[in-house]
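Written below as structure tokens is the structure these notes are about.
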Amino acid sequence: MVLMRLISLYMLTAFGLAFIVNYVPGLMLPIYILAMIGLFFCLGHISFHYIQRIRYMLFDEKPLKGKDPKS
């Protein structure tokens, strides 16, 4: 159910952006730049969590308080 909502949200967003770019071509570059910035932040966030997980495994560190539900 959540996946269906997420996919429909993505489809509505893509349709909305395509509609805007089709009728206002001058907004294509700013939308593209904002999308690239958002993608970089998203990938950076994901890689940060993977680096944290690898660091915990390699150096046997414990996660910060509040991050681990067992603490």
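Throughout, read-outs are computed from the coordinates displayed, never taken from laboratory work. Since the structure is predicted, the reported quantities are computational estimates derived from the model, not experimental observations. For neighbour counting, all protein chains shown are included, and Cβ atoms are generated from backbone atoms with ideal geometry for every residue, glycine included.
For the pair Phe59 and Leu3, what calculated FRET efficiency results from E = 1/(1 + (r/R0)^6), where r is the Cβ-Cβ distance and R0 = 30 Å, to the nearest 0.05? Walk me through the numbers on the way to the answer.
On the way: r = 35 Å, r/R0 = 1.18.
Rounded to the nearest 0.05, the efficiency is 0.25.
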Once Lys and Arg are counted +1 and Asp and Glu -1 for all other residues with Cβ under 14 Å from that of Ser47, the total becomes +2
Prolate/oblate/rounded label for region 2-59 (Cα gyration tensor, a/c 1.5):
oblate
